[in-house]
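> Got a structure for you, written out below as structure tokens; questions coming shortly.
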Amino acid sequence: MHTRDLPSRVLIVEDDIASQIFLKAVLKPFGQCDTAGDGAAAVRAYAEAALDGAPFDVVFMDIMIPEMNGLAAIDRIRDYEAHNRRSVPRPAQVVVVTATEDSQNIIHAYCTGDVFAYMKKPLERQEVEATMAKIASALEAAL
């Protein structure tokens, strides 16, 4: 896999600073990483990036975050993508990150949020890297 095939923009939505730092360190080789600490900030960051002509390719979304939970934020991001196809040429690949094992949230994320992967905390570097490799392969196959 070549560097050009990798995602170039990653949005990390996490209210825990240690988790933000960990994900940013692991995901840095995959592209530019930006962070948001709550769901409302994530939706704003996503829309602003798209309007600036540099939409996010990947979103790592914690479910249990303030202001707007992660599932609601994913729904808003998907709605934004559906109504702004010119500024978002392809939907972001979303990876749900959570400490809970709530099957209802997992089902909702996959069915209505078009989620690429689900990861349970605590996250491990190898698992995050493997997920990003799968995302890069999926993006390459879609070209």
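> Taking interchain pairs and intrachain pairs at least six residues apart, which have beta carbon atoms under 9 angstrom, with the first residue in the stretch 7-33 and within 14 Å of VAL58 (Cβ to Cβ) and among the aromatic types (Phe, Trp, Tyr) and the second in a helix (DSSP H, G or I) and open to solvent by less than 20 Å² (accessible area, probe 1.4 Å)?
As it stands, the answer is PHE30/MET132; PHE30/ILE135; PHE30/ALA136, since those pairs meet every condition given.
> Which of (1) open to solvent by less than 40 Å² (accessible area, probe 1.4 Å); (2) at pLDDT below 95 does LYS121 not meet, given it meets every other one?
(1)
> Could you count how many residues in the stretch 92-117 are at pLDDT 90 or above and open to solvent by 60 Å² or more (accessible area, probe 1.4 Å)?
1
> What are the residues in the stretch 31-57 that are within 14 Å of MET132 (Cβ to Cβ) and open to solvent by 30 Å² or more (accessible area, probe 1.4 Å), if any?
GLN32
> I'm trying to understand the selection: among the residues of the stretch 58-77, which are modelled with pLDDT of 95 or more, within 18 Å of ASP16 (Cβ to Cβ) and open to solvent by 30 Å² or more (accessible area, probe 1.4 Å)?
Result: no residue meets the conditions.
The values are calculated or read from the model by the stated rules, or taken from the named source; none is laboratory data. Worth saying up front: this structure is predicted, and the values here are computed from it rather than measured. So basically every Cβ, Gly included, is an ideal-geometry build from the backbone, and we count neighbours across all protein chains shown. For accessibility, only protein heavy atoms count, side chains too; no ligands or nucleic acids. Shrake-Rupley method; radii C 1.70, N 1.55, O 1.52, S 1.80 Å.
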